[in-house]
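Written below as structure tokens is the structure these notes are about.
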Number of protein chains: 2
Amino acid sequence: MRRIFCIIWLCIVSIGVINAEDGSRLWLRFQSCNTATLPNFTAINGNKGSFALQQFQEAWSLMTGNNLPERNLSAGHTLLIGTSKNREIKKVVKAKELKELGTEGYIIRTVMQGNKMVTLVASLGEGGLLYGVYHLLRLIQTGTDLLSLQISEKPSYDIRILNHWDNLNGTVERGYAGYSIWQWDKLPEVISPRYKEYARANASIGINGTVLNNVNASPDILTTSYLQKVKIIADILRPYHIKVYLSVNFSSPKIVGGLSDSDPLNPQVQKWWHEKATEIYRLIPDFGGFLVKANSEGQPGPMDYGRTHSDGANMLADALKPYGGIVMWRAFVYNPSPEDRAKQAYLEFKPLDGAFRNNVIIQVKNGPVDFQPREPFSPLFGAIQQTAIMPELQITQEYLGFSNHLVFLAPQWKEFLESDTHCKGENSTVAKSTDGTIYPHTHSAIAGVANIGLDTNWCGHHFAQANWYAFGRLAWDHTLTAEEIATEWIRMTFSNEPKFEKPVKEMMLQSWETAVDYMMPLGLHHIFAWDHHYGPEPWCNIPGARADWLPPYYHNAGTDGIGFDRTTTGSDAVSQYYSPLREQFNNLESCPEELLLWFHHVPWNHSMKNGRTLWEELCYRYDGGVQRVREFQKIWDRVEPFVDSDRFRHVQSRLRIQSRDAVWWKDACLLYFQTFSKKPIPYDIERPVHELEELQQIKLELKHHN
Amino acid sequence: MRRIFCIIWLCIVSIGVINAEDGSRLWLRFQSCNTATLPNFTAINGNKGSFALQQFQEAWSLMTGNNLPERNLSAGHTLLIGTSKNREIKKVVKAKELKELGTEGYIIRTVMQGNKMVTLVASLGEGGLLYGVYHLLRLIQTGTDLLSLQISEKPSYDIRILNHWDNLNGTVERGYAGYSIWQWDKLPEVISPRYKEYARANASIGINGTVLNNVNASPDILTTSYLQKVKIIADILRPYHIKVYLSVNFSSPKIVGGLSDSDPLNPQVQKWWHEKATEIYRLIPDFGGFLVKANSEGQPGPMDYGRTHSDGANMLADALKPYGGIVMWRAFVYNPSPEDRAKQAYLEFKPLDGAFRNNVIIQVKNGPVDFQPREPFSPLFGAIQQTAIMPELQITQEYLGFSNHLVFLAPQWKEFLESDTHCKGENSTVAKSTDGTIYPHTHSAIAGVANIGLDTNWCGHHFAQANWYAFGRLAWDHTLTAEEIATEWIRMTFSNEPKFEKPVKEMMLQSWETAVDYMMPLGLHHIFAWDHHYGPEPWCNIPGARADWLPPYYHNAGTDGIGFDRTTTGSDAVSQYYSPLREQFNNLESCPEELLLWFHHVPWNHSMKNGRTLWEELCYRYDGGVQRVREFQKIWDRVEPFVDSDRFRHVQSRLRIQSRDAVWWKDACLLYFQTFSKKPIPYDIERPVHELEELQQIKLELKHHN
């Protein structure tokens, strides 16, 4: 009797393990596909032994419990996966078609050959084939009918890359999902199964590069012993069409190489980098290149030796050039300066336009300050014309509630990518000015600062996975809408049930504007708590700290009003934009209200377009944010029947935190700004429940990293 | 120049001090009366040197800066304050009229005598005169027209008494307004000015007795050294027509007197009490008597010696009888017993009805358990017929948010006093069964457990003053409505401005039901945090603790439902009530929903009168409480222009705490009860923002006393 119980118990536990919805499978939940909607494939064919074909079989067997029989086209519905060299492919797809899509592009098509139905995935290269297979799998996961497929795709950007701000000691700067997935201390001996899962997940969304270590880089990464560890990772990622890159410390020649300095014009230094490149490429023949943060926030750089950014970047580019490597040189320069921080990157980099090698890409954060909840686009986009320039987006929610707040970032990134720089007249969007459309360069690229860690669900918050997903999808195709991306992700990650999809999507699509409203509406920025950036500290004043590290520098609230005057009579940051944008931003009346306090210092009584005063509108925005988070809670609780209990409870719990935090933000900001506005909060708004003094006492014990 | 500044500064400071609205003046803010609405008195006359007349002059001079000239009736408007012996009074008021009102009753009347207008205050005794003067002052403070006054009043209860649960070491059990106002360690040498202010405030609302020390009484109070301190206080209170009483420890003969026991049938013990009474009355000739908590919660009592409550009470009564003193014997008996706690007082006292001396009054808490947010009335009311019985109300908010929550208690007390016991058929209200109407006894009385402490504003929360005020007013006249009392109090304490009075009154009148809703709706009771009773702990389970000290004893939640079955098939507590009440309570359908879970264990799916299930209704009640506190915040913020900033900020701050606490209560109770109901919280209700586990960790460091 006891034995039977044991067996039953084991069965239950096993089922539990197999079906455990802990988020570890991300959007690749093949086991959980609705078998009723699966295509009726009867056979598979194509490039024998191709990695892409293997990947399909693996997924298919998870969906159905069986591999597809590998045989020639026959009666029924055959799946054909092959490159342009494949005989069967050649019959259906013209070589020219595939050539136009490049090695990463692909075609998916369902055709009738006599009485035989064939669905094919075709590409010029193995990379494209892999992406095509994951596209097909996505269609299957989301329950799409395959009968009339006519898909051809190629990526928006050549290089679609994650930046890990992971330190070699396992911590992650601005990481909120546990320690680094790169377990350097165990490499090269112990290889985490996560490396492969990571590669597969990235491949499935088209990411083809990864920078393994923090931009605040330890020189150790270039030591031989670390490079041998890097090689192991590179070997694992390679089949998934992902190249490895490294962040390098500009002082490496001196620190690691023992040279007297790291001056880029010092031939010894140049030699050291050449030799280091050779060493790397011997280990990793397809190594991607370097990412560099130089002369910013205390990091070393060429200016330490009186040289320029281009001197530094070009020296590295020259070392990598023979092997096809690139240098991503960050424009996030942020050293003490009397100049408006928002202007600094432009002031330093605009004069250097054209001075860089063609294997250098300037990597520019989306906004001119620092990944704020909402910023205008950086004026470097469109302005840098003769050098490749790549956007850097922040997937990890440093400024958006860590892994506690549900904030879907695709709408933010879309707003950024579709911002019109006017660099070549109307419709010169950021996307077009970086993807090669307006300024063709050797490389186009886009980077996202990863939100990945050792947490079982990878990203801390189940919905933070959607941001990793969205980054990959937008890097692949920046014309996708946020809604399309949300639809795909929800269906794959949770459910194809419309009663789930519709409200959850609505919540996701509203979530970014909601967070902006309860944190920093109307163009407010950087009023975060000191150092860790979780929660509000608009009053923050650390004696002796740099002014531009402190919130009052940015909000500039006084009895006369609030906001940073960046007009022509202020810091004149507006003039870094093209006409007619600069005039639009410069004029209080034409400036978009969403950016009002970014560009203007505005009287509290200023009349907004809806007739409210600025102060009133600020109050309604903060309160609206709070109310919408409460709506999110309702939405989530209502869909409980359609979610597994583990993820339901997890997300529910985070939404509760978010709801409390939103009230905290609202109370802190309104009560603090009220000390300047000296006006009542409109009386129909829910009242604060905290005391300003009490909120000012809050000091969270949070670090820069996990 | 500097000197001028100093003078100006001093002026400003002085004005500040005079007009400081720190709540210390309670409802007696004569300085702040609107001089425009003052009556046009031209002279004052009456009993020369009468204390009542002095009190009027004092108030008048605070209102106007001048005394009224004391002269005979003359042209103009004379105020006449006198007893029935006064010649001028005799001219206008018949002796018989005054006699009918007793020594505490009074007449206020405005009459024309030829061309002379006279407003008179008349009474049989000095006490009544004092009350009449404060009534007149109240009319003046509230801006009432005096021209057609026809007032005659006499008190509902003979003895209107405060119980201070103040310990001799200065702490106050269940006190939330600072340490005790009775500074025993400084007496008899140092006399706090507060004693006199306390006396005046009580006199102004008709309170004529006070028990200075905690019912959990230290025997020390009966030592000669303490009695000498008591005498000082009694001397100060005497002109204000307030008698002093003491709580006594039943073991005093043994502990203070050194006797071998305190057995009430021991002649030595009886002798000791007689001698102690003699000693007391030598010091305090008008000493009121004793209050006794015996054989309850570990206190000693006659049952320690196999005697009865009546044996104990009568012995003390015999000792006090020669001097006119009384014994108030508490029916709050609460010792370990397998019987439903709600039944115990009745079971112990009902059989003793008639066994007590006529100078004993049984003091019974309003409800059968313990000052819960809402209880049915104790079944002892109406049931005890041959012995005087007095209600004990709790002014201090032990179970209603301490001095943090705004809860106006008059509606609760009115509901209690107007409850129909049916002891002599319909309309046998609790009030009528205790005030002498139904059962005439030598004494009628009502007690309130004070909420007074050393805090500048006396009661911690400015609005808690209203409860002290309301207790006095209802003890004087239990036919007053809660609204009438609120109107008086608001006008005197804050403002006669209708824009203030109306919304604030609305808030006050809703506040008790609101607190019931966010704490313990539908008859739930005693699900408070362990020991200190601040905040929710429905899950509380202290190993080894008495069951009836623990919330699950009272809410009895399970998967089958929630509530305490006190029907005839349960604990049968219903049978302690008269018909038809017992049948009404016993029947699930006829039981008032406000008391449903007090009397019934009800399935979660039970259909309420509004069509909701019990579980749904519970959710809506808790949420409704939260939403209404938020409305209170709005109401208060809107009246800011009509309040001084000190009190405005103070109350605003407390309302913020109350608002957070209400959410805490709602989340704790709903999330906990949901573990039994296993039903979703209706989706249109604002979702919880806390985790149950997190709330279960909260352990406040609060004591039983300040």
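With the condition kept exactly as written, say whether any residue in region B:513-522 is open to solvent by 20 Å² or more (accessible area, probe 1.4 Å) and either farther than 30 Å from B:G23 by Cα or free of Cβ contacts under 8 Å to residues at least 40 places away in the same chain (or both).
no
Would you mind telling me which numbered condition in (1) touching a Phe, Trp or Tyr at 6+ places or on another chain (Cβ under 7 Å); (2) of a type outside the set (A, V, I, L, M, F, W, C); (3) loosely packed, with under 15 Cβ neighbours inside 10 Å A:H77 fails?
(3)
B:R566 - would you say it is in a loop (DSSP other than H, G, I, E, B) and among the basic types (K, R)? Talk me through it step by step, then tell me what you get.
Numbers: in a loop (DSSP other than H, G, I, E, B): yes; among the basic types (K, R): yes.
Judged against the criteria, B:R566 is a match.
Could you look through region A:237-260, keep only residues that are assigned to a helix (DSSP H, G or I) and surrounded by fewer than 18 Cβ atoms within 10 Å (Cβ to Cβ), and pick out the one that is farthest from the chain's Cα centre (by Cα)?
By that ranking, first place goes to A:I255.
Might you check whether a residue that is in a loop (DSSP other than H, G, I, E, B) and open to solvent by less than 20 Å² (accessible area, probe 1.4 Å) occurs anywhere in region A:573-588? Don't jump to the end; show me each part of the working.
Within region A:573-588, the first condition is being in a loop (DSSP other than H, G, I, E, B), and the residues that meet it are A:577-580, A:587-588.
In the following step, the residues that additionally are open to solvent by less than 20 Å² (accessible area, probe 1.4 Å) were identified as A:577.
Looking through region A:573-588, at least one residue is in a loop (DSSP other than H, G, I, E, B) and open to solvent by less than 20 Å² (accessible area, probe 1.4 Å).
Tell me which residues, restricted to region A:617-653, are crowded, with 18+ Cβ neighbours inside 10 Å, aromatic (F, W, Y) and farther than 18 Å from A:W665 by Cα.
Within region A:617-653, A:W636, A:F648 meet the criteria.
Restricting to region B:629-676, count the residues that are farther than 19 Å from B:M508 by Cα and among the hydrophobic types (A, V, I, L, M, F, W, C).
Here the count works out to 9.
Residue by residue through region B:605-616, note down the ones that are outside any helix (DSSP H, G or I) and open to solvent by less than 10 Å² (accessible area, probe 1.4 Å).
Hit for region B:605-616 is B:M608, nothing else.
Return the residue satisfying two criteria in turn: it lies in region B:666-688 and is assigned to a loop (DSSP other than H, G, I, E, B) and in contact (Cβ under 8 Å) with a residue 40 or more places away in the chain, and of such residues it is nearest to the other protein chains (Cβ to nearest Cβ).
Initial filter on region B:666-688 (assigned to a loop (DSSP other than H, G, I, E, B)): B:678-688.
From what's left, in contact (Cβ under 8 Å) with a residue 40 or more places away in the chain: B:678-679, B:681-682, B:685-686.
Details: B:K678: 12, B:K679: 12, B:I681: 7, B:P682: 10, B:I685: 8, B:E686: 6 Å.
The residue in question is B:E686.
So in region B:642-662, with the set limited to residues that are free of Cβ contacts under 8 Å to residues at least 60 places away in the same chain and within 12 Å of chain A (Cβ to nearest Cβ), which one is farthest from B:Q465 (Cα to Cα)?
For region B:642-662, the residue satisfying everything is B:R660.
Quick check on this structure: which one of A:H443, A:H478, A:H526, A:H462 is over 23 Å from A:I205 (Cα atoms) and either open to solvent by less than 30 Å² (accessible area, probe 1.4 Å) or modelled with pLDDT of 95 or more (or both)?
A:H526
Of the residues that sit in region A:668-702 and are among the basic types (K, R) and farther than 19 Å from B:R654 by Cβ, which one is surrounded by the fewest Cβ atoms within 10 Å (Cβ to Cβ)?
Ranking the qualifying residues of region A:668-702, first place goes to A:K678.
Somewhere in region B:584-594, is a residue over 26 Å from the mean Cα position of the chain (by Cα), closer than 24 Å to B:L400 by Cβ and within 13 Å of chain A (Cβ to nearest Cβ)?
no
Quickly run through region A:196-230 and pick out the residues that are farther than 22 Å from A:D158 by Cα and buried (at least 19 other Cβ atoms within 10 Å of the Cβ).
A:N214, A:A217, A:S218, A:P219, A:I221, A:L222, A:Y226, A:L227, A:K229, A:V230
What's the number of the condition B:Q183 fails, among (1) part of a loop (DSSP other than H, G, I, E, B); (2) within 30 Å of B:G49 (Cα to Cα); (3) open to solvent by 40 Å² or more (accessible area, probe 1.4 Å); (4) of a type in the set (S, T, N, Q)?
(2)
Only residues that are aliphatic (A, V, I, L, M) and either under 19 Å from A:V244 (Cα atoms) or outside the structural domain of A:V364 (by TED's automatic domain parsing) (or both): list them for region A:314-330, please.
Scanning region A:314-330 gives A:L316, A:A317, A:A319, A:L320, A:I326, A:V327, A:M328.
Do we have B:N314 as under 26 Å from the mean Cα position of the chain (by Cα) and within 26 Å of B:L212 (Cα to Cα) here?
No, not satisfied.
Examine region B:549-566 for a residue that is among the β-branched types (V, I, T) and within 17 Å of B:Q372 (Cβ to Cβ), and state whether such a residue exists. So that I can check it myself, show each step before the final result.
Residues of region B:549-566 among the β-branched types (V, I, T): B:559, B:562.
So of that shortlist, the ones also within 17 Å of B:Q372 (Cβ to Cβ) come out as B:562.
Scanning region B:549-566 turns up at least one residue that is among the β-branched types (V, I, T) and within 17 Å of B:Q372 (Cβ to Cβ).
Find the residue count for region B:615-633, including only residues that are of a type in the set (D, E) and within 12 Å of chain A (Cβ to nearest Cβ).
Within region B:615-633, residues that are of a type in the set (D, E) and within 12 Å of chain A (Cβ to nearest Cβ) number 2.
Any idea how many residues of region B:689-706 are more than 10 Å from chain A (Cβ to nearest Cβ) and in a loop (DSSP other than H, G, I, E, B)?
Step one: of region B:689-706, the residues more than 10 Å from chain A (Cβ to nearest Cβ) are B:692, B:695-706.
Those left that are additionally in a loop (DSSP other than H, G, I, E, B): B:698-704, B:706.
The number of residues fulfilling the criteria is 8.
If B:L129 meets every condition in (1) open to solvent by less than 10 Å² (accessible area, probe 1.4 Å); (2) part of a loop (DSSP other than H, G, I, E, B); (3) not acidic (D, E) apart from one, which number is that one?
B:L129 satisfies all of (1) open to solvent by less than 10 Å² (accessible area, probe 1.4 Å); (2) part of a loop (DSSP other than H, G, I, E, B); (3) not acidic (D, E) except (2).
Do the conditions hold for B:W636, that is, is it aromatic (F, W, Y), more than 10 Å from every other protein chain (Cβ to nearest Cβ) and under 27 Å from the mean Cα position of the chain (by Cα)?
no
In region B:133-186, how many residues are touching a strand residue (DSSP E or B) at 6+ places or on another chain (Cβ under 6 Å) and free of Cβ contacts under 8 Å to residues at least 24 places away in the same chain?
Residues in region B:133-186 being touching a strand residue (DSSP E or B) at 6+ places or on another chain (Cβ under 6 Å) and free of Cβ contacts under 8 Å to residues at least 24 places away in the same chain: 0 in total.
The values are calculated or read from the model by the stated rules, or taken from the named source; none is laboratory data. These figures come from a predicted structure and were not determined experimentally. Here Cβ is always computed from backbone atoms with ideal geometry, including for glycine, and neighbour counts include all displayed protein chains. Side chains included, ligands, DNA and RNA excluded: accessible areas come from the protein's heavy atoms. Shrake-Rupley method; radii C 1.70, N 1.55, O 1.52, S 1.80 Å.
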